[in-house]
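The values are calculated or read from the model by the stated rules, or taken from the named source; none is laboratory data. Not measured: the values here are computed from a predicted model. Virtual Cβ from ideal backbone geometry, glycine too; neighbours counted across all protein chains shown. Keep in mind that these areas ignore ligands, DNA and RNA; they rest on the heavy atoms of the full protein, side chains included. Shrake-Rupley method; radii C 1.70, N 1.55, O 1.52, S 1.80 Å.
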Amino acid sequence: MSDRATAPDPDRLQEWEQRTEVPLFVASTVFLTGYAVRVLAPLGAQPWRDIALALVAATWLLFAVDYGVRLRLSGQGRRFLRTHRLDTVVLLLPLLRPLRVVQIYQVVQKRRERPRLSLYARVMAYAGLTTLLLGFAASLAVYQQERGAPGSTIRTFGDAVWWACTTLTTVGYGDAVPVTPGGRIIAGGLMVCGLALLGAVTGSFSSWLLQVFTREDEKGPTEGA
């Protein structure tokens, strides 16, 4: 009986993922909205802060239930933690759910006959959307850590947004720098993500240019002849 309960069911797992991916993305936006209200609203803004906290807790519970269902349907046990590392990290740090945008796109495209965008356009669109969501989430998180800290240069949410922009673009002016341990951990993660996203965009754009120029070179001698 126990073997039957833990046996893998790839068809049901795939069906579950296809049906829940988009609703969970909506839940992730609710989570991000609730977290933003919790961080940005004044301390005396009741009952909005309590409502925001309830939304954050409820949506995180949905993420945990989804993770548990997929863990059970996969039948992998502890191997699921290794084969789905991003899902595990996102469960522990829900603000990183924007990194799952590409899976949302794949689910939507499976319902169509063919993708509407080319490969290069898809990569750049995914990287751009992920950058916006991740930058906003990192701004909220670092502002929560840095505001009121002794010697902090990130005193307002605008400072946090400016810091996130300079970090994601790898510019790093140094006028806004996290000083708390939590803020520096967030900064380190954002630096890694920024490099990866920037590399994806520049690589895709360079490949697209090479493809265009190659086609022009191939057409050139034919037209000249």
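Numbers at a glance
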read-out: Scope the stretch 168-191; condition of a type in the set (S, T, N, Q) and open to solvent by 50 Å² or more (accessible area, probe 1.4 Å); matching residues; value: Thr169, Thr170
read-out: Conditions (1) without any contact (Cβ under 8 Å) to a residue 40 or more places away in the chain; (2) in a helix (DSSP H, G or I): number failed by Gln46; value: (2)
read-out: Lone unmet requirement of (1) touching a residue at least 24 places away in the same chain (Cβ under 8 Å); (2) of a type outside the set (D, E, K, R); (3) surrounded by 17 or more Cβ atoms within 10 Å (Cβ to Cβ) for Val69; value: (3)
read-out: Entirely in the stretch 75-190, the helices (runs of 4 or more DSSP H) that have 3 or more residues that are at pLDDT 80 or above and aromatic (Phe, Trp, Tyr); value: 157-168
